Structures are given as C-alpha cells and as structure tokens.
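Colleague: Below: one structure in structure tokens.
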Amino acid sequence: MSRGDMAKPLLDHRSMEGDRSITPAAGRTIGVLGSGDFARSLAIRLVCSGFKVVVGSRNPKRKAGLFPSAAEVTFQADVVKKTDIIFVAVFREHYSTLCDLADVLVGKILVDVSNNTEINHHKESNAEYLASLFPACTVVKGFNVISAWTLQSGARDGNKQVPICSNNQEAKRTVAEIAQVMGFTPVDMGCMSSACEIENIPLRLLPAWKIPIFLALGLFLCFFTYNLIRQVIHPYIREQKNKLYKIPIEVVNTTLPCVAYVMLSLVYLPGVLAACSQLYYGTKYRRFPDWLDQWLQHRKQIGLLSFFCAALHAVYSFCLPMRRSHRYQLIETAVKQAVEKKMNIWVEEEVWRMEIYISVGIIALGLLSLLAITSLPSIANSLNWREFSFIQSTLGFIALVISTLHTLTYGWSRAFDENQYKFYLPPTYTLTLLVPCTVILAKVIFNLPCIRHRLLRIRRGWEKGRYVKFVLPSATGEYSSGETSSNV
C-alpha cells in the first residue's frame, strides 16, 4: 500500500463536506421501526441531536407514551412513507413481518442495528438476511455495538466508535454523517461481508483481557503454591504444626503483592525488548515478532490487573490485625514475655523497617491508582499526548522503582537469614525481584547518553546501513556527488 493510501481516512470526509448538494444530517426526518428499549433510546438520542423522528409501531396508541413528545409515533406503513432513512430496531425473527411493506420500502436506506445471541449463530449475518428479504433497499449495518444506555447518555463516557458497513458507499456515508451528529465516531468496515464480524463484536467477552487474566491467574497459582509449601507444608512436616488457618488470609496476602509486582514489571518489559530490537537491527521499521506485538497491545490490561492485585493486598493487610489467630498470637507473645520477665521489647531496627515499608507501599499504591485512573477513556481523552505519556511512562516507571524499594524494605536482612530458606527455597520476594530489577537496570542503561542518542535517532527514522547522497566541492570549484552509509 502506498503512503498516500495509508494517509487516507477511513471515511471520505472530503466528499461529505465538499458536496453542497448533500442535505445536512441534522434536521432530517429519520424513521425507527420498533418500540423496544433500544428503539426508545435511539429515538431519544436522535431527537436530542436535532433530527425529526418518526417511530413505527404495530400499536402506536399504547406505545406513544414511552417515546419523547417530539417524536411522532405512528403505524409502520406511515413511517416508511414519510422517511428515506429507517432504523430497523426489531429482532431477526421479526424481519418477515415487514414483508408487507416491501413495495413501499423500494429505494429506502435500512439501518440494521440487530445482534445475535451467539457468535456466528446463523450462516449469514442479520444485515445480509435483511438485504435478501428487501433486495430493492440499501442495507447498512451499524449501531449494534452501542447499548441503549450509551444512546441515552451520548458519547460523554469516552470515545464510542460505531462500525459501519454496506455495499453502497453513498448510504454508508449518510449513516456515518448521522452517527457523527449524534456524537459518535463512525468507522468504515467496508462492504456488507463485514457485517458478520461487526455483529460478533458485542458477543465477545473481554477479548482483550483473556491473555492478561490467564497470565495473572498463572502467576497467582505459581506464587500461591510456592507460599503454601513454605508457610503451611514446611511447618507441618518439620515441626508437626497445623498452619492451615493461614491459607485464606495470610498465604493469599503474601501471594497478591508478588503478582502485582511482577505484573507491573511486565508492563514495561516489552518496551525494553522493543528498544533492544531497534538497537540491534538499527531501524524502527522492522516488524516486531507477533508475541511481542501482542504483548505491547495488552500492557494496559496487565497494568490494571496489577493495580487490582495491589489494591486487594492493601485491603488484606489492613484486615490482618482483625483475625482471631492474630489476637491469640498477641496474647501468647505477651504471656511468654511476662514469664521471661522481659520489660522492654522495643527493637529500633524493626520499627524503622515497618514504618518505611508501609510508607513506601502507600506511595506505590497511590501511583498505581493514578495510572489506573488515567487509563480510563473518559480521563485519557482529557489529556494531551505529553501528559498521558508522562503519567503512563515516567510515573509508571517511578511506581515500579518505589515498588522495588517496598519489596527490598520488606526483605531487609532476611535474605541473609538461613531460617528463611524453607526446604532450601528462598523467600518469595527474592524471586519477584528478578524481572523488575532487570527492567530497571535496562532503563538505566538506555538513559546513558550514547545509547539514548542512538535510540532517539532510530525512532526519528535513522536506519543502519541506509545510503545517503552527499555533495563535495572539487579542486576546480565544481561540486560532485557521491554516496555513503548513514551509519558512518
């Protein structure tokens, strides 16, 4: 594809704005066939956007009170006669009830907004089926990914895209113009063959979250098993002590920060790998491997799951003193100290360690909260590129560094205590430090002037091994051209 083709917008805004013969979208009369929840929300949004709306119902007298007073509620046949653009807000199984209006529907634009109950439930999409029933009409698929609530509230909650497809460019452009006036962003998905894919979009359950969720669950199971061996199985085998009561709270609370910490480092690790690839090949135009590309696209979800685990860890930690087992342990410790006649149990080092540990943890959680909030579309859309990049990149890396300090403060000198190695297994926090410390070290190396300058040149288009032309003056004063490699 040429560079000019890549620069073209998905929708031909030039033809929409330049052709003065086209009637402006606002002020048109739009028809809606159907009287369900979606039809009512659609009518409300159209009226609020400045359209004249005519609603078709099989029982208009009973349904009139459900629609705004500015919308005219009448019989379906009257709607077809009064409008040229009609939203078909009925289920697929009720399409056949419109066949009596086939003669009147000739030349009309039908916007199919229906969805199925299952992915690929039928061999053909609903829009293609509607087009087969009314071959003299122009069918446009669209608005099926928008909920009734979003229609009523508009696009204020974020960027609401409306995928649109049709075999007729003029009809598709008209519906796109209506969507824009309603406050949504139309996305041209091509011809009618894309209708099946558009109808499957609302039926997919968190498609961008599957890999991050499985990753988080995998890390949780690994760390949970590791902590279970150290905190429950080891005391039972070596000392014959029953520590099963630790599983619901203590073992889980030890596992959650490990998952949150590693997941946060996995947000910034693919950026490190991408930078290494660009430095190695000396270009930014070489495509990343598919696994790295997918990893880069899932960073937002991984970061939000990291915040979720960190928030749960904070709640669990807050509830630790409320446990009955903790109260028993306090009483037991007090009795032992009384028997041994210990009057002063103050340990200065432990006091400072816990104070720093908790303080740094609160700061890390606060930064993670800021990252999570700014990743929401409604907040992100209010930030410019530099602000968003500063929060997600710079503050995110600072959050990773502070989380590392939080972990190191928790460990303190325990890594050198042989009693901490249960079954010769190192403490859990030492395992979690591997990936984050690698990321931090790589970031420090990339910020060295020589490497940072080279990486910046690559990201601005410089390529290793690319030849550039130069001009040199000759002895006679004339200029001669030559070539040299750009990496010289």
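The values are calculated or read from the model by the stated rules, or taken from the named source; none is laboratory data. Because the structure is a prediction, the values reported are computed rather than measured. As a convention, Cβ positions derive from the backbone with ideal geometry for all residues, glycine included, and neighbour counts pool all protein chains shown. Only protein heavy atoms, including side chains, enter the accessible area calculation; ligands, DNA and RNA are left aside. Shrake-Rupley method; radii C 1.70, N 1.55, O 1.52, S 1.80 Å.
Colleague: Quick one: length gained pulling residue 393 to residue 222 fully straight, 0.36 nm per residue minus the C-alpha distance?
Modeller: Contour length minus Cα-Cα distance gives 58.7 nm.
Colleague: Then there's this: So what is the relative contact order of the chain, in percent, for Cα pairs below 8 Å that sit 6 or more residues apart?
Modeller: The value is 11 percent.
Colleague: Just to confirm the number: angle between the C-alpha axis of helix 324-339 and the first principal axis of the chain, 0 to 90 degrees, nearest 10?
Modeller: With rounding to tens, the tilt is 10 degrees.
Colleague: Report Rg (one decimal) and Dmax (nearest whole number) for the range 209-460, counting Cα atoms only, units Å.
Modeller: When restricted to Cα atoms, the range 209-460 yields Rg and Dmax of 21.4, 73 Å.
Colleague: Mind giving me the FRET efficiency for residue 326 and residue 359? R0 is 30 Å, r the Cβ-Cβ distance, nearest 0.05 is fine.
Modeller: 0.85
Colleague: Something else now. With each pseudo-label sitting 7 Å past Cα toward Cβ, what's the residue 233-residue 48 distance in nm, one decimal?
Modeller: 5.7
Colleague: Could you tell me what percent of the accessible area of the range 192-314 is made up of carbon and sulfur, with a 1.4 Å probe and every protein chain present?
Modeller: Summing carbon and sulfur atoms, their accessible area is 67 percent of the total for the range 192-314.
Colleague: Taking the Cα centre of the chain as origin, work out the dipole magnitude from +1 charges on Lys and Arg Cβ and -1 charges on Asp and Glu Cβ, in debye rounded to 20.
Modeller: Dipole magnitude for the chain comes out near 760 debye.
Colleague: Now, a different point. Which of the GluC sites (Glu not before Pro) found in the range 54-159 are in a DSSP loop and have at most 16 neighbouring Cβ atoms, other than their own, within 10 Å?
Modeller: 118, 124
Colleague: Right, here's the next one. Helix 348-374: angle to the longest alpha-carbon principal axis of the chain, degrees 0 to 90, nearest 10?
Modeller: The two axes meet at around 10 degrees.
Colleague: Next up: Pick out, from 48, 285, 222, the residue whose Cα sits farthest towards the positive end of the charge dipole of the chain, with +1 on the Cβ of Lys and Arg and -1 on the Cβ of Asp and Glu.
Modeller: 222
Colleague: Within the chain, what percent of beta bridges assigned by DSSP are antiparallel, to the nearest 5?
Modeller: 25
Colleague: In vacuo Debye scattering of the chain, one point per C-alpha: log10 I(q)/I(0) at q = 0.07, 0.08, 0.13 Å⁻¹?
Modeller: -0.63, -0.76, -1.18
Colleague: Additional query: Rounded to the nearest 500 deg cm²/dmol, what is the calculated helix-only ellipticity per residue at 222 nm for the chain, with -39500 (n - 2.57) per DSSP H run of length n ≥ 4?
Modeller: That comes out to -15500 deg cm²/dmol.
Colleague: Another question, if that's okay. Treating only the Cβ atoms of Lys and Arg (+1) and Asp and Glu (-1) as charged, compute the dipole magnitude of the range 209-460 about its Cα centre; round to the nearest 20 debye.
Modeller: Rounded to the nearest 20 debye, it is 680 debye.
Colleague: Using a 7 Å offset from the Cα along the Cα-to-Cβ direction at both residue 462 and residue 422, what is the distance between the two label points in nm, to one decimal?
Modeller: 5.3
Colleague: Work out the P(r) tail for the range 141-292: percent of alpha carbon pairs separated by more than 28 Å, whole number.
Modeller: Pairs farther apart than 28 Å: 56 percent.
Colleague: Sticking with this one: Tell me the angle of helix 252-281 to the major Cα principal axis of the chain, expressed in degrees between 0 and 90 and rounded to the nearest ten.
Modeller: The angle comes out at about 70 degrees.
Colleague: Sticking with this structure for a sec: Multiplying the sequence separation of residue 149 and residue 61 by 0.36 nm and subtracting their Cα-Cα distance, what value in nm do you get?
Modeller: 29.2 nm is the gain from fully extending residue 149 to residue 61.
Colleague: I would also like to ask the following. Excluding ligands, DNA and RNA, what is the solvent-accessible area per residue of the chain at a probe of 1.4 Å, expressed in Å²?
Modeller: On a per-residue basis, 58 Å².
Colleague: Name the residue farthest towards the positive end of the dipole of the range 44-113 from the options 80, 60, 101, assuming +1 on Cβ of Lys and Arg, -1 on Cβ of Asp and Glu, about the Cα centre.
Modeller: The residue sitting most towards the positive pole is 60.
Colleague: Which of rounded, prolate or oblate describes the range 29-203 when judged by the alpha-carbon gyration tensor and an a/c cut-off of 1.5?
Modeller: In terms of gyration-tensor shape, rounded.
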